[in-house]
Structure formats: structure tokens, C-alpha cells
Amino acid sequence: MNITPITLGTAQLTMPYGIANSSRNISDESSFSLLENALVNGINTWDTSPTYGKSEKIIGDFLKNNNQPEVIICSKLPSIIKRYGERITKDSIKSIVSKNIDISLSSLQRE
């Protein structure tokens, strides 16, 4: 599978973000429609983050309900320094990163 030249940013799935979405009440159906349109138009690379509201969960539900289409999901971690401070140990960082990856995979319904 190839990374498409255009990546869909999914912050707008659940929160007001960007010039095309100023609404605070984005329905799951609208989010599913946006994801479906992306696939129909050949955009199979999606950017997300656990800081984007429930976008990872919506993506996971969409994929599960649509026979797991092949997509490349790029997700980010929340800021460790902002949350835990600068004096955090390497072992703590490893544990936090691992835990956050597991949470994202669970939300995305991915292995």
C-alpha cells in the first residue's frame, strides 16, 4: 500500500478545527461520511491524535463497520513534558509511550 500524496487530517472529525469546520456538534454520521469520501477519492492516509477529541474512536468505528479498508493511520502522542514535567526518567517515558500507543491502538481498533 502506498502513502497517498494527500493526507486527511482528522482533527475536524470531533472538534471545531480549520476553515471548513466551525461547528461544535459534529455528528458521527458526518464524520463517517468524510472518511468515506476520503477513501472514494483515493485518500487512504489519515493523520490523527488522541488530543483530537474522539477522532481515534470514530476512525476505529468507521474501519470496523466498513470491513477494515486499508488505510495508513499516522497518530501522535500527547506531550509528555507538558503533562509530566521535564524531570521525567527514561524508564517512565518508555512506560508512558507504550501505554499511549496501547490506548490509541485500542481506540482505533487495531493490533
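The values are calculated or read from the model by the stated rules, or taken from the named source; none is laboratory data. Just so it is clear, the model here is predicted, and its values are computed rather than measured. Glycine also receives a Cβ, built like all others from the backbone with ideal geometry; neighbour counts cover every protein chain displayed. Accessible surface is based on the protein model in full, side chains and every heavy atom, while ligands, DNA and RNA are left aside. Shrake-Rupley method; radii C 1.70, N 1.55, O 1.52, S 1.80 Å.
Just checking: which of the helices (runs of 4 or more DSSP H) contained wholly in the range 19-111 hold 3 or more residues that are under 18 Å from the mean Cα position of the chain (by Cα) and touching a residue at least 12 places away in the same chain (Cβ under 8 Å)? I'd like the intermediate steps shown before the answer.
Numbers: elements: 28-40, 55-65, 80-84, 90-108.
Here the list reads 28-40, 55-65, 90-108.
For the range 34-50, what are the residues that are open to solvent by 40 Å² or more (accessible area, probe 1.4 Å) and within 17 Å of Asn65 (Cβ to Cβ)?
Once the filter is applied, which keeps residues that are open to solvent by 40 Å² or more (accessible area, probe 1.4 Å) and within 17 Å of Asn65 (Cβ to Cβ), the range 34-50 yields Leu34, Glu36, Asn37, Leu39, Val40.
Among the residues of the range 60-74, write down those that are closer than 17 Å to Ile43 by Cβ and crowded, with 18+ Cβ neighbours inside 10 Å.
Matches in the range 60-74: Phe62, Leu63, Val71, Ile73.
So which residues in the range 85-111 are open to solvent by 70 Å² or more (accessible area, probe 1.4 Å) and of a type in the set (A, V, I, L, M, F, W, C), if there are any at all?
Restricting attention to the range 85-111, the residues satisfying the condition of being open to solvent by 70 Å² or more (accessible area, probe 1.4 Å) are 86-87, 89-91, 94-95, 99, 101-103, 106, 110-111.
Within the range 85-111, Ile101, Ile103 qualify.
Read through the list (1) out of contact with any Asp or Glu (no Cβ under 7 Å at 6 or more places or on another chain); (2) closer than 16 Å to Lys76 by Cβ; (3) of a type outside the set (A, V, I, L, M, F, W, C); (4) crowded, with 16+ Cβ neighbours inside 10 Å, then give the number of the only condition that Ser31 fails.
It is condition (2) that Ser31 fails.
Filter the range 1-27 for residues that are open to solvent by 50 Å² or more (accessible area, probe 1.4 Å) and modelled with pLDDT of 80 or more; which is farthest from Asp61 (Cα to Cα)?
Out of the qualifying residues, it is Pro5.
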